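Values quoted throughout were computed directly from the atomic coordinates according to the rules given, and no laboratory measurement underlies them. These numbers come from a predicted model, not from an experiment. A quick note on method: Cβ atoms are made from the backbone with ideal geometry, for glycine too, and the neighbour counts reach across all protein chains shown.
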Ligand SMILES: CC(C)(COP(=O)(O)OP(=O)(O)OC[C@H]1O[C@@H](n2cnc3c(N)ncnc32)[C@H](O)[C@@H]1OP(=O)(O)O)[C@@H](O)C(=O)NCCC(=O)NCCS
């Protein structure tokens with residue numbers, strides 16, 4: 001039994017916040033943001049739209065894409081660091097709103113690596129025959145913990161949701177290898193303050209990320225006995241184009257083989273990989289049988305990657 005992607009979906013709030021808009025809010029410039037990060041604009045959720053609302057819309061799209069109903073789900077996993085409330089979980093809220101059966105539901109907290117933790121957890125349940133269809137959502141409303149007076153961080157983040165239904169696929173498809181890790185010594189570099197605001201030491205996180213993301217990308221490919229150039233498509237966590245480029249260059253693959261949704265969405269933490277994946281699958285950039293690498297890193301510090309053969 002192999003676990004793979006049966007369907008993907010995403011939802012981005014309507015409101016677009018451009019770099020020009022940010023110039024009016026803090027001492028920054030469109031030019032600085034573009035050249036240092038690759039970000040051009042990001043989405044911001046309306047006040048009356050919380051994390052579970054974003055998650056619900058992405059989940060509906062993923063179910064539709066998988067040609068499944070909510071009652072076909074056996075488990076719901078939601079990766080987020082910005083839940084509506086610490087409890088009940090966003091996943092339990094989703095169970096109710098989707099009209100799923102009374103299945104297992106839990107939230108995962110691994111910051112920007114959260115979706116990777118979710119996918120790899122789903123894989124374990126599927127490949128041990130415990131569950132069949134697992135909904136994994138990566139979702140954030142980061143705008144509610146963003147310090148809008150701090151130019152070091154407020155230009156980087158955005159809101160959004162991405163979802164996938166993970167389930168059984170044929171033997172030659174699906175998730176072939178994975179890597180997960182954490183290093184709590186780096187915790188002080190990226191955390192939520194007592195005032196509930198996001199704090200980041202950008203330089204330290206950058207140093208960690210340019211080392212870890214390329215390394216994990218290579219490791220998952222090596223684990224299946226293939227070479228870096230065999231990778232058909234790379235979906236890295238969309239935090240900074242320079243960090244993403246480091247992973248792409250280490251794999252030695254051309255620009256068109258890497259997802260660059262960062263331009264439009266900024267860093268949406270747990271949502272970034274599934275949004276990028278959903279966008280690129282729908283645009284036909286990822287095709288049946290492609291060897292795809294998904295790789296993320298984030299606060300914790302945490303990281304995770306998978307190598308997979310796309311298709312059912
Ligand atoms: C945050 C980040 C873009 C900063 O880019 P950088 O090239 O490292 O820039 P530096 O930190 O060296 O800062 C350079 C200068 O720009 C300034 N600056 C920071 N944000 C700015 C902004 N939005 N506009 C203009 N200037 C800014 C800094 O204050 C600093 O000024 P100083 O030298 O006078 O102190 C980069 O460090 C980064 O992407 N880090 C990783 C972040 C990340 O991935 N986080 C998510 C983890 S999931």
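Here are a few things to note about the model shown:
- For the peptides 83-91, 29-37, the ranking by mean Cβ contacts within 10 Å, running from highest to lowest, is 83-91, 29-37.
- Centre separation in Å (Cα based) which lies between segment 159-229 and segment 47-101: 22
- Candidates 196, 47, 21: whichever shows maximal mean-square fluctuation once the chain is modelled as a Gaussian network with Cα springs under 10 Å: 47
- Cut-off 19 Å, label 7 Å out along Cα→Cβ of residue 227, residues of segment 279-304 by amide N: 291-293
- Short-range pairs are left out: with C-alpha atoms under 8 Å and at least six residues apart, the relative contact order of segment 174-309 is 39 percent.
- Zone residues, segment 1-45, relative to residue 195, backbone N less than 13 Å from point 7 Å out along Cα-to-Cβ: none
- The gain in end-to-end length when the residue 87 to residue 150 segment is fully stretched comes to 19.8 nm, 0.36 nm per residue minus the alpha carbon separation.
- Sequence ranges 48-55, 97-104, ranked by mean other-Cβ count within 10 angstrom, highest first: 48-55, 97-104
- If both residues of a DSSP beta bridge must be in the chain, then about 70% of such bridges are antiparallel.
- Rough spin-label spacing in nm, given labels placed 7 Å along Cα→Cβ, for residue 18 and residue 47: 2.5
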